[in-house]
Amino acid sequence: MSRDDALAKAAAYFDDGRFLETLSRRVAVRSESQNAAGAPLLRAYLDEHIAPQLTQLGFTYRILDNPHAGGGPFLLATRIEADAAFSVLTYGHGDVVRGQEGLWREGLEPWRVTVQGDRWYGRGTADNKGQHTINLAALAQVLAVRGGKLGYNVKIVLETGEETGSPGLREFCALHQEELAADVFIASDGPRVAASSPTLFLGSRGFFNFSLKARLRDGGHHSGNWGGLLRNAGTRLAHAIASLVDAKGRVLVKGLLPDSLPANVKEALKTISVGGDPGDPAIDSDWGEPGLTPTERVYGWNTVEVLAYKTGNPDAPVGAIPGYAFALCQIRFVVGSDSANVVARIREHLDAHGFDDIDVQADGEPMAATRLDPDDAWVRWGLDSIRRSTGKAPSLLPNFGGSLPNDVFAELLGMPTLWFPHSYPACSQHAPNEHLLGSVAREGLQLMAGIFWDLAESGHDVVQRRAGLQPAP
């Protein structure tokens, strides 16, 4: 039996309906981590829908409580071979965002997979049930072809709180660090660069949410009697924001920007295009950091965004000067940014520009930026595997434009991280009408079968090269 046999079995798993059947059962579980009433379903998803498959594949597993109070449970599974040369860790999340029933297009429901042409609608089809279902199914086909022997260990951590910021994930992995130890991390989440372009990304941008508040006085005052005499909180806050980011989206605070755009990152992004798929918004070509391409702006640089802004009473405005204004803002940042001192840098900037009446505070927990070196031996290996399986030139993203808890695996556990996404940008992730493309799922099954097969054939060589024990090919 050969690599081609494994890819053929992966395609057959899709073609004969088994993939649709499995995904439909999993989507039917209302595992909404944002809904406290759905907590029992988070555990049921792991216990009833994931654990049985893992048992069949030779894993031992445990479903463990979250060390973070109120957080969803974790599944930790291991498949250990006596003479394994190395270990692989993979990850997924069984929780989804709210179903948003009643907001989906006519004929669609969040908890039922509905196939319309190439689109498979349902909550979690793209994020993340479809993606980890692809990976587990691909692993199963490789095991079948190889007679149940891989030559490496596989470890799995599946969480149920990613959509609420992965509470407890870092603490959980720290508690089980020895059991989770591995030589490489391989997982799937997020979108490809484009539906037709198999993609490998090596990390993610981080994010930091912060609030800005102008609290000048209690209540509003008549704009006719006091206009021109009292500072307007809304106006003050608007100008404070404008001092941080200009009218064309350029970040004006040097302390909020990365040191540089590394040459190998810039080189990797040369062939990547952003947008252009059906459903994608039109890109504003003059928005963001000048001198950078659109691709470099979203994958290689930092942005500051205003997510919400409120002053006065927007629902029932009156002729009064507001004494209070609020904005929730966010910085998305890449490796090389001073992310530990975001609030301090903003505070210094506001004070220097005369905005000492504007309060700045961190809002929620930040997520760190990560990026595996694009020249790493695992990156070359992953790109070669994709080419062999798909016959296409893969897209390499040094880091995902959004944010994932990749820092837990890259920094805490110290692993090289490879992400092979099976969604695409217009999948309506987190919105009504979320969907997976059947064509991408089928290709993803074969792509991941190739990955698991190639790990068996050449993964140990990569481990040896990274350790300096074997020369580069």
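The values are calculated or read from the model by the stated rules, or taken from the named source; none is laboratory data. Quantities reported herein were computed from a predicted structural model and do not represent experimental measurements. FYI the Cβ positions are ideal-geometry reconstructions off the backbone, even for glycines, and counts take in every protein chain you see. Surface accessibility is based on the protein's heavy atoms, side chains included, excluding ligands, DNA and RNA. Shrake-Rupley method; radii C 1.70, N 1.55, O 1.52, S 1.80 Å.
Of all residues in the stretch 258-274, which are under 21 Å from residue 404 (Cβ atoms) and either surrounded by fewer than 10 Cβ atoms within 10 Å (Cβ to Cβ) or within 21 Å of the chain's Cα centre (by Cα) (or both)?
Scanning the stretch 258-274 gives 258, 265, 268, 269, 272, 274.
Would you confirm, using the coordinates I've provided, whether residue 86 is within 25 Å of residue 175 (Cβ to Cβ) and in contact with an Asp or Glu (Cβ under 6 Å, 6 or more places away or on another chain)? Give the steps one after another, and end with the answer.
Numbers: within 25 Å of residue 175 (Cβ to Cβ): yes; in contact with an Asp or Glu (Cβ under 6 Å, 6 or more places away or on another chain): yes.
Considered against the rule, which asks whether it is within 25 Å of residue 175 (Cβ to Cβ) and in contact with an Asp or Glu (Cβ under 6 Å, 6 or more places away or on another chain), residue 86 comes out as yes.
Given the conditions (1) aliphatic (A, V, I, L, M); (2) part of a loop (DSSP other than H, G, I, E, B); (3) under 30 Å from residue 378 (Cα atoms), which single one is not true for residue 108?
Of the numbered conditions (1) aliphatic (A, V, I, L, M); (2) part of a loop (DSSP other than H, G, I, E, B); (3) under 30 Å from residue 378 (Cα atoms), the odd one out for residue 108 is (3).
Residue-by-condition table, conditions (1) closer than 23 Å to residue 346 by Cα; (2) small (Gly, Ala, Ser):
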| position | (1), (2) |
| --- | --- |
| 231 | yes, no |
| 236 | yes, no |
| 262 | no, no |
| 267 | no, no |
| 275 | no, yes |
| 280 | no, no |
| 294 | no, no |
| 303 | yes, no |
| 310 | yes, no |
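Failed condition for residue 388, given (1) touching a Gly at 6+ places or on another chain (Cβ under 7 Å); (2) crowded, with 21+ Cβ neighbours inside 10 Å; (3) modelled with pLDDT of 95 or more, with all others met?
Of (1) touching a Gly at 6+ places or on another chain (Cβ under 7 Å); (2) crowded, with 21+ Cβ neighbours inside 10 Å; (3) modelled with pLDDT of 95 or more, only one is false for residue 388: (2).
Please find, among 300, 291, 279, 255, the residue that is over 22 Å from the mean Cα position of the chain (by Cα) and either touching a residue at least 40 places away in the same chain (Cβ under 8 Å) or open to solvent by less than 60 Å² (accessible area, probe 1.4 Å) (or both). If you could, list the steps in order and put the result at the bottom.
Working: 300 fails: over 22 Å from the mean Cα position of the chain (by Cα); 291 fails: either touching a residue at least 40 places away in the same chain (Cβ under 8 Å) or open to solvent by less than 60 Å² (accessible area, probe 1.4 Å) (or both); 279 fails: over 22 Å from the mean Cα position of the chain (by Cα).
The match here is 255.
In the stretch 135-161, which residues are of a type in the set (D, E, K, R) and either closer than 13 Å to residue 455 by Cα or at pLDDT below 95 (or both)?
Hits for the stretch 135-161 are 146, 149.
Are any residues in the stretch 433-473 of a type in the set (A, V, I, L, M) and within 19 Å of residue 131 (Cβ to Cβ), and if so, which ones? Can you show your working first?
Within the stretch 433-473, the first condition is being of a type in the set (A, V, I, L, M), and the residues that meet it are 436-437, 440-441, 445, 447-449, 451, 455-456, 462-463, 467, 469, 472.
Matches in the stretch 433-473: 436, 437, 440, 441, 445, 447, 448, 449, 451, 455.
Listed here are the residues, each with its yes/no results for (1) open to solvent by 10 Å² or more (accessible area, probe 1.4 Å); (2) out of contact with any Phe, Trp or Tyr (no Cβ under 8 Å at 6 or more places or on another chain); (3) on the phi > 0 side of the Ramachandran plot.
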{"residue": "372", "(1), (2), (3)": "yes, no, no"}
{"residue": "381", "(1), (2), (3)": "yes, yes, no"}
{"residue": "384", "(1), (2), (3)": "yes, yes, no"}
{"residue": "404", "(1), (2), (3)": "no, no, no"}
{"residue": "430", "(1), (2), (3)": "yes, yes, yes"}
{"residue": "440", "(1), (2), (3)": "no, no, no"}
{"residue": "462", "(1), (2), (3)": "no, no, no"}
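For residue 92, work out the one condition from (1) over 17 Å from residue 138 (Cα atoms); (2) open to solvent by less than 20 Å² (accessible area, probe 1.4 Å) it doesn't fulfil.
So residue 92 meets the others, but not (1).
Look through 436, 445 and report the one residue that is of a type in the set (A, V, I, L, M, F, W, C) and in a strand (DSSP E or B). Outline the logic, then answer.
On the way: 445 fails: in a strand (DSSP E or B).
Answer to the selection: 436.
Taking helices (runs of 4 or more DSSP H) that fall entirely within the stretch 1-64, which contain at least 3 residues that are in contact with a helix residue (DSSP H, G or I) (Cβ under 6 Å, 6 or more places away or on another chain), basic (Lys, Arg) and open to solvent by less than 20 Å² (accessible area, probe 1.4 Å)?
Details: elements: 3-15, 18-27, 39-44, 51-56.
Qualifying helices (runs of 4 or more DSSP H): none found.
Mind listing whichever residues of the stretch 267-295 are more than 16 Å from residue 205 (Cβ to Cβ) and outside any loop (DSSP other than H, G, I, E, B)?
As a first pass, look at the stretch 267-295 and keep what is more than 16 Å from residue 205 (Cβ to Cβ): 267, 270-271, 273, 275-287, 290-291, 293.
If the condition is that a residue be more than 16 Å from residue 205 (Cβ to Cβ) and outside any loop (DSSP other than H, G, I, E, B), then 267 is the only one that fits.
Looking at residue 335, is it assigned to a loop (DSSP other than H, G, I, E, B), β-branched (Val, Ile, Thr), in contact with a strand residue (DSSP E or B) (Cβ under 7 Å, 6 or more places away or on another chain) and open to solvent by 30 Å² or more (accessible area, probe 1.4 Å)?
Details: assigned to a loop (DSSP other than H, G, I, E, B): yes; β-branched (Val, Ile, Thr): yes; in contact with a strand residue (DSSP E or B) (Cβ under 7 Å, 6 or more places away or on another chain): yes; open to solvent by 30 Å² or more (accessible area, probe 1.4 Å): yes.
So residue 335 passes the test.
Take residue 98 and decide whether it is touching a residue at least 60 places away in the same chain (Cβ under 8 Å), assigned to a loop (DSSP other than H, G, I, E, B) and open to solvent by 10 Å² or more (accessible area, probe 1.4 Å). Even if it seems obvious, please write down each step before you answer.
Details: touching a residue at least 60 places away in the same chain (Cβ under 8 Å): yes; assigned to a loop (DSSP other than H, G, I, E, B): yes; open to solvent by 10 Å² or more (accessible area, probe 1.4 Å): yes.
Criteria met by residue 98.
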